[in-house]
Amino acid sequence: MIQNTPTSKPGPDKQFIVLIGLMGSGKTSIGRRISDATGLAFIDTDEEVVKAAGCPIPEIFARFGEEEFRSGERRVIQRILEGAPAVIATGGGSFMDSGTRNAVAKQGVTIWLRAGLDTLVERTQRKNTRPLLRGGDPREILAQLMEERYPIYGKADIIVEVGAEHADQTARRAMSMLDAFRKTGPIL
Ligand code: S3P
């Protein structure tokens, strides 16, 4: 556990716990465990976008395009942040939006689940609901997304390495890093 450059400070406003990371990094499974352990509600932004649009993500992309999905995602996250404190599992692209990034940084502690390429490839094979991975070789697409996004994800308050270990274990590590952040500040 190494102290990170202090881009963000723990504070009373940071009531949300916000999980970020690429598709397949485990935001939903870790988020649910943190929710169970803390008693905070669990909210998955993808699910909220689907509810708001009334159709599944591949259909939103196909019918309205990625831009429209992104603006729906931005609105949904703003609305969630206006509600009661919660654990939020975000869609992998949402933290790339500077407005969303600033809003979650202000109101939440951000936790990046950092996974290696093999882990992401293996885990994303289990579902076929991600339009971004349908347009070519998933390994190449994920490698490209890692290059584009990891420097931005690196702005998170806490970085948790994820890999082969059980989700229970990862969630426990994330929560002890969260405790340390709340006492001292950003953790890498
Ligand atoms: C996306 C990730 C997906 C979903 C959409 C786009 C992305 O969510 O929001 O398919 O741009 O990385 P998960 O990260 O929960 O799979």
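The values are calculated or read from the model by the stated rules, or taken from the named source; none is laboratory data. Since this is a predicted model, take the numbers as computed values, not measurements. For neighbour counting, all protein chains shown are included, and Cβ atoms are generated from backbone atoms with ideal geometry for every residue, glycine included. These area figures cover heavy atoms from the full protein model, side chains too; ligands, DNA and RNA do not enter into them. Shrake-Rupley method; radii C 1.70, N 1.55, O 1.52, S 1.80 Å.
Remarks
- The angle separating the long axis of helix 27-38 from the principal Cα axis of greatest extent in the chain is about 40 degrees.
- The HN-Hα couplings worked out from phi for the stretch 14-22 by the Karplus form 6.51 cos²θ - 1.76 cosθ + 1.60 (θ = phi - 60°) are 7, 8, 9, 10, 10, 8, 10, x, 6 Hz, whole numbers, x standing for Gly and Pro.
- Computed accessible area, Met146, all protein chains, 1.4 angstrom probe, square angstrom: 40 Å²
- Sites listed here are GluC sites (Glu not before Pro) in the stretch 55-156 whose DSSP assignment is loop and whose Cβ has at most 14 other Cβ atoms within 10 Å: Glu82.
- For the stretch 92-188, trypsin sites (Lys or Arg not before Pro) are listed when DSSP marks them as loop and at most 10 other Cβ atoms sit within 10 Å of their Cβ; the list is Arg126, Lys127.
- Karplus (6.51, -1.76, 1.60) ³J(HN,Hα), θ = phi - 60°, over the stretch 124-141, in Hz, Gly and Pro reported as x: 6, 5, 6, 10, 10, 10, 10, x, 5, 8, 8, x, x, 6, x, 4, 5, 5
- Label reach from Ala167 (point 7 Å along Cα→C-beta): in the stretch 80-96, amide nitrogens under 18 Å belong to 87-92.
- Gyration tensor verdict on the stretch 16-183 (Cα atoms; rounded if a/c is under 1.5, prolate if a/b is larger than b/c, oblate otherwise): oblate
- The share of accessible area on the chain that comes from carbon and sulfur is 51 percent, using a 1.4 angstrom probe.
- Rolling a 1.4 Å probe over the protein chains gives Asp97 an accessible area of about 40 Å².
- Taken per residue, the accessible surface of the stretch 16-183 reaches 47 Å², heavy atoms only and a 1.4 Å probe.
- On full extension, the segment bounded by Thr129 and Ala143 gains 3.2 nm, given 0.36 nm per residue less the C-alpha separation.
- Helix-only arithmetic for the chain: the sum of -39500 (n - 2.57) across DSSP H runs with n ≥ 4, divided by the residue total, places the mean residue ellipticity at 222 nm at -16000 deg cm²/dmol.
- For Thr28, the solvent-accessible surface with a 1.4 Å probe is about 50 Å², rounded to the nearest 10.
- The count of lysine pairs in the chain that are at least 8 places apart or cross chains, and whose C-alpha atoms lie under 28 Å apart, stands at 19.
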